[in-house]
Amino acid sequence: MKKTALVFMVGMVATTSSAQVTSRYVYDSMGRLVGTGASGSVNSGNTVHVTYDDAGNRVNYQSTNEIIQISTGQQINSPDGRFRLVQQTDGNLVLYFGGSPLWANYAFGSNFTTYFQSDGNLVTYSPSGPVWNSETNAIGARLALQNDGNLVIYDLDDRVVWSTNTGGH
C-alpha cells in the first residue's frame, strides 16, 4: 500500500521544564494512521508502524525503540553477519566487510561514542561534544545495516534519508 505525503508534526513545550516534545504522524491515502515517532520525551526513539489488510482491518502493530548506542570497542552487525559497524578505540566509526573497510567517518580521538538519536541523526560524540553527524532530522527514523553492506537511515515513510552508499556486496 502506498503512503501519501500527509504528515503532521506537533511541537509542544512542557510548562514544568524546557524540554520540547515533537511527534510525527504518517497517514495512508485512506486517512489511516500507519506510523508515529516521538522525540524529546520519555518516549524518545519509539516508533510505531501499523499495517492493514485489503478489507481495512489492522493486521500488524509494531512498536520499537530506535535509539542505538555504539561505545568504544562495540559494534553492530548486519543480519547475515557479513558486515559490521565498529566504534574503534581510535574514535573512528568504520563499516567493515570482513577485514576490509568500506566506509568511515574519519573522527579520531579517545572515548568516542556514536548514537543514533531519536531525532534521526547519527552522531559521534567525543567527551567534549559532537565531532561528526549524518546531518539528518527524521523523527521516527530507523538505522539499518543491510545484508548488501549499505548503512542506511530510513525515515518513518521508509524513504532513504542518508546512506553510506556501500551497497551491492
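Where a number appears in this text, it was derived from the coordinates with a stated rule and is not lab data. As the structure is a computational prediction, the values presented were derived from the model and not from experiment. Neighbour counts are summed over all protein chains in view; Cβ atoms, including those assigned to glycine, are modelled from backbone coordinates with ideal geometry.
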Rg over Rh, two decimals, segment 68-163 (C-alpha only, Kirkwood Rh): 0.95
How high is the FRET efficiency between residue 51 and residue 88 when r is their beta carbon distance and R₀ equals 41 Å, given to the nearest 0.05? 0.60
Going residue by residue through segment 117-129, the Karplus relation 6.51 cos²θ - 1.76 cosθ + 1.60 with θ = phi - 60° gives ³J(HN,Hα) values, rounded to whole Hz and with x marking Gly or Pro, of 7, 5, 8, x, 9, 8, 10, 9, 10, 8, x, 9, x
Spin-label model distance (nm) - residue 110 vs residue 71, 7 Å beyond Cα toward Cβ: 1.7 nm
